[in-house]
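One structure is given below, encoded as structure tokens.
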Amino acid sequence: MKLSQVLFSQGFGARRECEGLILGGHVALAGVVCDDPYFEVEPEGLSFGVRGQAWPYRAKALVLLNKPAGYECSQKPKHHPSVMSLLALPLRVRGLQPVGRLDEDTTGLLLMTDDGALIHRLTSPKKHVPKVYEIEMIDPVTAKQIDELRHGVILHDDPLPVRAAAVEPTGEHALRMTLLEGKYHQVKRMVAAAGNTVKALHRSSYGVLSLPQDLAPGQWRWLDGPQSVLG
Ligand code: URA
């Protein structure tokens, strides 16, 4: 693939902008500037530098964001900035989207990708990909509430009881809950149906992936591919 095509595919702007970056001496291969937009490279496994920053070539991008509170997952946010604004510009240009949504006030692990088939695989209720939530409640957690969350509560948009795959008390006012689906406001609605109220909500894992301790709120990181989440 030509170097200018690589840059174009990775979100570095229109074809002319990519050529301009290369001609201007802003692109390096193995640390050496390459100013030929037509230079042929093998994209698989390629790492290149743009203005001194290293970028891996990815046919499809998959990143993990530690979502802070105060950001909306929508492309057209209404009241708060979009989580998209936390990503590097090339990832925004590539059109990465959140894999499912977290509420504006929910924090933690948010996957983002431009791979539509992967979004479907990760969010389809039939695939049973577990998501773990750390929940802080307004009222003390009772054994009855835990029992109801485990055995199923009725939500207004589903005639069948919706149950958590696992529920574990983690404090007087705190629970860890694992869900296999991702219904709208599912945790908050399940907790409300069980008779308590969510005060704070944090997603700590998605599939086999846990939120890394060293990834600060607002920071993102590349993932190697779907196996990082699906195992
Ligand atoms: N359930 C909710 O209620 N909110 C979220 O952000 C995620 C799951």
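No value in this document is a laboratory result; all are computed from the given coordinates. As the structure is a prediction and not an experimental result, all values here were calculated from the model. Glycine also receives a Cβ, built like all others from the backbone with ideal geometry; neighbour counts cover every protein chain displayed.
A few notes on this one:
- FRET efficiency for the pair residue 180 and residue 117, taken as 1/(1 + (r/R0)^6) with r the Cβ-Cβ distance and R0 = 25 Å, rounds to 0.80.
- The order of 138, 22, 119, going from fewest to most other C-beta atoms within 10 Å of their C-beta, is 138, 119, 22.
- Rg(Cα) / (2.2 N^0.38 Å) computed for segment 1-102, rounded to two decimals: 1.21
- Rounded FRET efficiency, nearest 0.05, which uses the C-beta distance separating residue 85 from residue 47 and R0 of 41 Å: 0.95
- P(r) for segment 3-56, from all Cα pairs and a bin width of 5 Å, is 4, 24, 38, 28, 6 %, short bins first.
- Relative protection proxy for 143-149, 125-131, from highest mean packing down: 143-149, 125-131 (other beta-carbon atoms within 10 angstrom).
- Cross-linked pairs 131/188; 127/199; 67/188; 60/188; 127/188: Cα-Cα separations exceed 26 Å for 127/199; 60/188.
- Mean ellipticity per residue at 222 nm, deg cm²/dmol - from DSSP H runs of n ≥ 4 across the chain, formula -39500 (n - 2.57): -5500 deg cm²/dmol
- In a simple Cβ point-charge model (Lys, Arg +1; Asp, Glu -1; nothing else charged), segment 3-56 has a dipole of about 220 debye relative to its Cα centre.
- Projected label distance in nm at residue 29 and residue 59, using a 7 Å step from Cα toward the beta-carbon: 2.0
- Rg/Rg_ref, segment 139-231, where Rg_ref = 2.2 N^0.38 Å and atoms are Cα: 1.22
- Straight-distance crosslink candidates among aspartates and glutamates, where the alpha carbon sits under 17 Å from residue 2 and sequence neighbours closer than 8 are dropped: 17, 19, 35, 36, 40, 42, 44
- Separation between Cα centres of segment 183-226 and segment 115-165, rounded to whole Å: 12
- Candidates 160, 192, 138 compared by Cα position along the dipole of segment 131-206: farthest toward the positive end lies 160, with charges placed on Cβ.
- Approximate spin-label separation residue 215-residue 170, in nm, with each point projected 7 Å along Cα-to-Cβ: 1.6
- Annotation: the residues 123, 113, 170, sorted from fewest to most other C-beta atoms within 10 Å of their own C-beta, follow the order 170, 123, 113.
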